[in-house]
Amino acid sequence: MSFLDYLNNELSNENIEHHLFLIDFNPSKKVVHAFFEGKTDESFYGTAIRNMLDDDYELKTYICGKKDSVLYHYREIGHKTSIIQPLLFFIDKDIDNIIPVDVVRAETIYETTLYAIENYIVNSTSLEQVWAEIFRQTSGTSVSLKLKELFEIAHNEYNTIALELMSWVLYQRRKGGVRLNLDCIKTTDLFSIDENLKLTKLFTKEELYNYLSVKTKVTTSPEDFLGIESCKHELSKFEIKEISRGHNEMDFFIEFVKVLKEVSSSVSAVNIKAHVEINSANVIDIMGPRIRPHDSLASFLTKHIGSIEEPMMVERRTA
């Protein structure tokens, strides 16, 4: 069998994750099993997990496709977890806690404290990292500090759009009782960023509702406006990253970097070039491993991975 045939044969089975797990499961092996929603999740979680593993441990990851599938796998095989061979499940919080939607919770399930993994990445520190490590410019200079300031101003302006967007989403989720297709929303339709890195909204509130209705094929009438405003008041009580859809916030980050690249390429004093093209397909792969794990994630991994060797040492001493 050629290597190409081997890849085709093996990768055609990647969606039957729990069957693959059961076929290969051996409780005596030194393995950490991690179940993720999507393919980019390992870029976010993988480095943190690997950095905690002893050299004689193996990491096996499973891409489940979506949140519900991760939880399905937990219900099917989660009971097989052990101290020596933990089964860990990773999901985004979304706004399920606000709608509310019942979600399975357990010690071996890590749920983001923010809306999604993207929300941990989008901040001025990440922007400074891009400037230093992708554009290869120095950190801590007046320029990098100015960029952080401009990013924070634009980000705050974007957050006002996110609040309006998510107020509409929350209202429609409660009204219709089903998940909306938000992937059809092109975030950059909602704002523009000029050469001074200033963000400008492109819609009034009513125009935004109309845009969202057209894109998602969900009707919004003037009679709904009061309900949407009520949802906005409710969401305003949360920290914005807890309710701002991560995919859209990441689109803002990518657009800001894109405009920064265009502007900086025209600088005549020095040659400034982005050595990696950041886009929606690779941004989590690039930025995910660069950020420090959130305290909640660090605690989760320490609990389930950092103490792996302790029971084994006790067992050997007892023997």
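Filter the stretch 134-150 down to the residues that are more than 21 Å from the chain's Cα centre (by Cα) and in contact (Cβ under 8 Å) with a residue 40 or more places away in the chain, then identify the one that is surrounded by the fewest Cβ atoms within 10 Å (Cβ to Cβ). Step through it out loud before you land on a result.
Restricting attention to the stretch 134-150, the residues satisfying the condition of being more than 21 Å from the chain's Cα centre (by Cα) are 135-150.
From what is left, the residues that are in contact (Cβ under 8 Å) with a residue 40 or more places away in the chain are 135-137, 147, 150.
Working: Phe135: 19, Arg136: 11, Gln137: 17, Leu147: 22, Leu150: 19.
Among those residues, the one meeting the criterion is Arg136.
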Go through the stretch 105-132 and report how many residues are under 27 Å from Lys175 (Cα atoms) and surrounded by fewer than 15 Cβ atoms within 10 Å (Cβ to Cβ).
1
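Quick one: would you say Val169 is of a type in the set (A, V, I, L, M, F, W, C), closer than 30 Å to Thr302 by Cβ, buried (at least 19 other Cβ atoms within 10 Å of the Cβ) and outside the structural domain of Ser299 (by TED's automatic domain parsing)? Steps first, answer last, please.
Working: of a type in the set (A, V, I, L, M, F, W, C): yes; closer than 30 Å to Thr302 by Cβ: no; buried (at least 19 other Cβ atoms within 10 Å of the Cβ): yes; outside the structural domain of Ser299 (by TED's automatic domain parsing): yes.
When the stated conditions are applied, Val169 does not pass them.
Sort out which residues of the stretch 95-123 are under 17 Å from Asp251 (Cβ atoms) and not aromatic (Phe, Trp, Tyr), and write them in order of number.
Applying the first criterion (under 17 Å from Asp251 (Cβ atoms)) to the stretch 95-123 yields 114-123.
Once the filter is applied, which keeps residues that are under 17 Å from Asp251 (Cβ atoms) and not aromatic (Phe, Trp, Tyr), the stretch 95-123 yields Leu114, Ala116, Ile117, Glu118, Asn119, Ile121, Val122, Asn123.
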Only one of these conditions is not met by Ile240: (1) surrounded by 12 or more Cβ atoms within 10 Å (Cβ to Cβ); (2) of a type in the set (A, V, I, L, M, F, W, C); (3) at pLDDT below 95. Which number is it?
(3)
Consider Ile95 carefully, then state whether it is in contact (Cβ under 8 Å) with a residue 24 or more places away in the chain and more than 27 Å from His33 (Cα to Cα).
no
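Yes or no: Thr200 at negative phi, assigned to a strand (DSSP E or B) and surrounded by fewer than 13 Cβ atoms within 10 Å (Cβ to Cβ)?
Values: at negative phi: yes; assigned to a strand (DSSP E or B): yes; surrounded by fewer than 13 Cβ atoms within 10 Å (Cβ to Cβ): yes.
When the stated conditions are applied, Thr200 passes them.
Just to verify a result, which residue in the stretch 73-103, among those that are in contact with a strand residue (DSSP E or B) (Cβ under 7 Å, 6 or more places away or on another chain) and assigned to a helix (DSSP H, G or I), is surrounded by the most Cβ atoms within 10 Å (Cβ to Cβ)? Working first, answer last.
Here is the first cut: in the stretch 73-103, the ones in contact with a strand residue (DSSP E or B) (Cβ under 7 Å, 6 or more places away or on another chain) are 73-74, 77-78, 80-81, 85-91, 93.
Applying the additional criterion that residues be assigned to a helix (DSSP H, G or I) yields 73-74, 77-78, 80.
Numbers: His73: 19, Tyr74: 23, Ile77: 20, Gly78: 18, Lys80: 14.
Out of the qualifying residues, it is Tyr74.
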The one condition in (1) among the aliphatic types (A, V, I, L, M); (2) over 14 Å from Arg245 (Cβ atoms); (3) part of a helix (DSSP H, G or I) that Ala106 fails to fulfil:
(3)
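Could you please find all residues in the stretch 236-253 being in a helix (DSSP H, G or I) and out of contact with any Ser or Thr (no Cβ under 6 Å at 6 or more places or on another chain)? Let's see the steps before the verdict.
Filtering the stretch 236-253 for residues in a helix (DSSP H, G or I) gives 240-243, 246-253.
Selection gives Ile240, Lys241, Glu242, Ile243, Gly246, His247, Glu249, Met250, Phe252, Phe253.
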Sole miss for Tyr209 among (1) buried (at least 20 other Cβ atoms within 10 Å of the Cβ); (2) over 19 Å from Ser236 (Cβ atoms); (3) out of contact with any Leu (no Cβ under 8 Å at 6 or more places or on another chain) is condition (2)
Need the failing condition index for Thr219 against (1) at pLDDT 95 or above; (2) not assigned by TED's automatic domain parsing to the domain that holds Glu42, just the number.
(1)
Failed item in (1) outside any loop (DSSP other than H, G, I, E, B); (2) out of contact with any Asp or Glu (no Cβ under 7 Å at 6 or more places or on another chain), with Val70 passing the rest:
(2)
Answer with yes or no whether Thr138 is within 27 Å of Val259 (Cβ to Cβ) and either touching a Pro at 6+ places or on another chain (Cβ under 9 Å) or not in a helix (DSSP H, G or I) (or both).
yes
Are any residues in the stretch 238-278 among the hydrophobic types (A, V, I, L, M, F, W, C) and within 24 Å of Lys93 (Cβ to Cβ), and if so, which ones?
Phe238, Ile240, Ile243, Met250, Phe252, Phe253, Ile254
Leading residue by the ranking (farthest from Glu239 (Cα to Cα)) among those in the stretch 151-162 that are buried (at least 18 other Cβ atoms within 10 Å of the Cβ) and not aromatic (Phe, Trp, Tyr):
Ala154
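The values are calculated or read from the model by the stated rules, or taken from the named source; none is laboratory data. As the structure is a prediction and not an experimental result, all values here were calculated from the model. Backbone-built Cβ (ideal geometry, glycine too); neighbour counts: all protein chains shown.
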